[in-house]
Amino acid sequence: MDVTIRVKPGSRKGPLVEAVEGDPTASLTVFVRERAVDGAANVGVIEALAAHYGVPRSRVRILRGESARVKRVQIDD
């Protein structure tokens, strides 16, 4: 399954995954505590999504947007 997400790095709410209604650019918002430095936020995103969907981290892959806040992510069941 492919999902478009919006990432909020450095958030005190994180790690948290919330559904977004009315946002045409993303279907989920992922709050992570890690800052967007040296890929740390991307690691936090993968861990948060894996926990949210109940899959191993190896099943979550960022397809597009490695350095952007809006990302396209693939989650294999």
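The values are calculated or read from the model by the stated rules, or taken from the named source; none is laboratory data. What you see is a predicted model, and the numbers here were worked out from it, not measured in a lab. No Cβ is skipped: glycine too gets one built from the backbone with ideal geometry, and neighbour counts run over all protein chains shown.
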When you look at Thr29, is it out of contact with any helix residue (DSSP H, G or I) (no Cβ under 6 Å at 6 or more places or on another chain) and part of a loop (DSSP other than H, G, I, E, B), yes or no?
no
Pick from Asp2, Asp38, Asp23: which is at pLDDT below 95 and within 15 Å of Ile75 (Cα to Cα)?
Asp2
List the residue pairs whose Cβ atoms are under 7 Å apart, where the first residue sits in segment 56-77 and is touching a residue at least 12 places away in the same chain (Cβ under 8 Å), the second is surrounded by 12 or more Cβ atoms within 10 Å (Cβ to Cβ) and among the polar types (S, T, N, Q), and the two are 6 or more positions apart or on different chains.
Arg61/Gln74; Ile62/Asn42; Leu63/Gln74; Glu66/Asn42; Val70/Thr4; Arg72/Thr4
Would you confirm whether any residue within segment 34-56 is surrounded by 16 or more Cβ atoms within 10 Å (Cβ to Cβ), assigned to a strand (DSSP E or B) and either touching a Gly at 6+ places or on another chain (Cβ under 8 Å) or polar (S, T, N, Q) (or both)?
no
Contact list please: Cβ distance under 6 Å, first residue in segment 25-40 and over 20 Å from Thr4 (Cβ atoms), second residue in a loop (DSSP other than H, G, I, E, B), pairs at least six apart or on different chains.
Arg33/Gly14; Arg35/Pro9; Arg35/Gly10; Ala40/Glu34
